[in-house]
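J.: Below is one structure. I have some questions about it.
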Amino acid sequence: MSLTASMWTGISGLLAHGEKMNVLGNNIANVNTIGFKGARMDFEDFINQDINSAAGVTQVGRGVAIGAIYGDFSQGAFETTTEATDLAIGGNGFFQVKVKGEESVYYTRAGNFRFDKDGYLVDPHGYVLQGWQISTPRPSLATSTAQVTSTSSAIKGSGVPVDIRLQGFTAEPKHTSNVSIITNLDARDGGDKSTDVNNPFFSLFSNWNGQPTANNPPLGENAFAYQTTIKVYDEGGTAHNLTVYFDQVNVDSISNEASGRRYWEYIVTVDPSEDGRIFNGTKVNTTGAAGLLMSGTLTFDSSGQLVDQSAYTLKSNAGADLKQLSNWSPTAFSTNGYPLFTANFSSLSNASYVTPGFAEDVGGTLMELNLGLKFKGTQTFADRANFDASMVGTDTTQLMSLGSTTERQSSATTSFAGASSTLLQSQDGYTFGFLQNVSVDRDGILRGRYSNGVILDLYQITLYDFQSEHNLRREGGNLFSATRDSGEALPGPANKNGLGAVYSNSLEQSNVDLAKEFVHMITTQRGFQSNSKVITTTDTMLEVVIQMKR
């Protein structure tokens, strides 16, 4: 056997341990690098050579080689910061960043992001964080055959992830699309302030005056039992007062009255001068129906629970006298299951009525009215018989109702024996506002808080995982890139489907453990030293061989 082979065996040990020291040195150098994932080197024997022995053919090892360098993707500790756009992932997953204007894609655990001068949320290299854009949907009409259902997808946005960018740092005005009003209406007798012998369910409707004067308001203070007012907004951000009036219906005046049931009529109104609806070329604000947006009835059982609701709006082909009941029909309901009305404050064309099959939502003027009852059936109001004068009367069996399949909400209007009062009211419109700050929740939802008090969901940060994260390629700068061996990046929402949660005002620190690194460094140094002894000892043996010729 050649002694020089032993020397090369020792050299392989020096080279391998030298490379391992490079790995350890890189780990230690990045002990304070944000989101850094350490690595470890595993050795393997290099080659074994066959030699002859008394026992037959046997093997002698010829050194060591680098077996693999594996990344350590364990969780790093969190550091608290004062910036909302400092983000840390608690669990599996990577952020995806893209080079502006290019298709280059990288992945990172370092979440030190900031908005640049163009509104992009970028990392220190200027690469843009990716996420799903979240839009604010407007209510739309349910189709005549579709079941009204709700979905609960974990992904709030739609489409493919895009660059997260805030343009203008302002919130444009939004027309109110949902009005929720929950009240208690006093069940005790004496609340029937407005009466109509022929049409007791439309007393408020009949008494409404769309052409008020100083001495003759739209509705006298003694013509209703209760009212509640809420501010709503048009598409330009201008506020308007929307008032709902309630009045009890005297059950003694109703034929075929179901035992124990109580009825309240209601009307939804705005200031007549602000009503911009147009029918047949005539502005509603010049008629007696000005400001009257919806009329209907609430039905309560003997325990005071809301069990049914009717809702009427003007027909699209309403005649000249808009206060005639024959010009009103059961309204349509939204895909959310609530009855709809229009509030066309800006006199937009073809945006004054609610009728399926027409472009009734021009400018987004549709509003949902949520009083606590939700339609869950497969019909729309438009599928029912048209409302006409013959259906008006004192017979409760002639009342057009919300539907046979309804769902009472956890918060709903009631009729208990107690003072009438507003329990809850809300609406989703707002005026123009400036961005004041942003926040990110654990689901990765980036929200903006604006000066008008509104909080908007803007983006949902997309996280990515890999079948084999150990085969990702390190690109420097805290960046990784996908390889064929790592598999395709699998996108998903944070805090769902095995992906980690996103923590704002936090940064993930390096997962390098100095104590472990120092122990490995000591053993590596000893290994290097021992291999050097193999070389020096072999050199001594060669020196003895050379001296044999003297």
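J.: Each label point is 7 Å from the Cα along the Cα-to-Cβ direction; what then is the distance between the points at Thr170 and Arg474, in nm?
T.: 4.8
J.: Let me ask something else about it. Neighbouring Cβ atoms within 10 Å as the yardstick, rank Met521, Met367 fewest first.
T.: Met521, Met367
J.: Can you find, among Thr176, Leu298, Asn222, the residue sitting farthest towards the positive end of the charge dipole of the chain, where Lys and Arg contribute +1 and Asp and Glu -1 at Cβ?
T.: Thr176
J.: Now a separate question. Ignoring everything except DSSP H segments at least 4 long, calculate the 222 nm mean residue ellipticity for the chain; use -39,500 (n - 2.57) per segment, divide by total residues, nearest 500.
T.: Calculated at 222 nm, the ellipticity per residue is -4000 deg cm²/dmol.
J.: So, with +1 on the Cβ of K and R and -1 on the Cβ of D and E, and no other charges, what is the size of the charge dipole of segment 1-88 about its Cα centre, to the nearest 20 debye?
T.: 300
J.: Moving on to the next point. May I ask you to compute the full-extension gain from Gln547 to Lys496, defined as 0.36 nm times their residue separation minus their alpha-carbon distance, rounded to one decimal in nm?
T.: Value of the extension gain: 10.9 nm.
J.: Would you order Val502, Val244, Val307, Val64 from fewest to most other beta-carbon atoms within 10 Å of each residue's own beta-carbon?
T.: Val307, Val64, Val244, Val502
J.: Based on alpha-carbon atoms only, what is the radius of gyration of the chain relative to the globular estimate 2.2 N^0.38 Å?
T.: Cα-based Rg divided by the globular estimate yields 1.55.
J.: In debye, nearest 20: dipole of the chain around its Cα centre with unit charges on the Cβ of K, R (+) and D, E (-)?
T.: Rounded to the nearest 20 debye, it is 1380 debye.
J.: Then there is this: Going toward the positive end of the dipole of the chain, with +1 on Lys and Arg Cβ and -1 on Asp and Glu Cβ, which of Leu325, Tyr263, Tyr127 do you reach last?
T.: After comparing all options, I get Tyr127.
J.: Moving on. Between segment 437-497 and segment 515-550, what is the separation of their alpha carbon centroids in Å?
T.: 50
J.: Rank Val354, Thr80, Pro212 by how far each Cα sits towards the positive end of the charge dipole of the chain (+1 on Lys, Arg Cβ; -1 on Asp, Glu Cβ) and give me just the farthest.
T.: Thr80
FYI, it's all coordinate maths here, none of it is from the lab. It should be emphasised that the depicted structure is a prediction, and the values quoted were computed from it without experimental measurement. Every residue, glycine among them, receives a Cβ derived from its backbone with ideal geometry; neighbour counts consider all protein chains shown.
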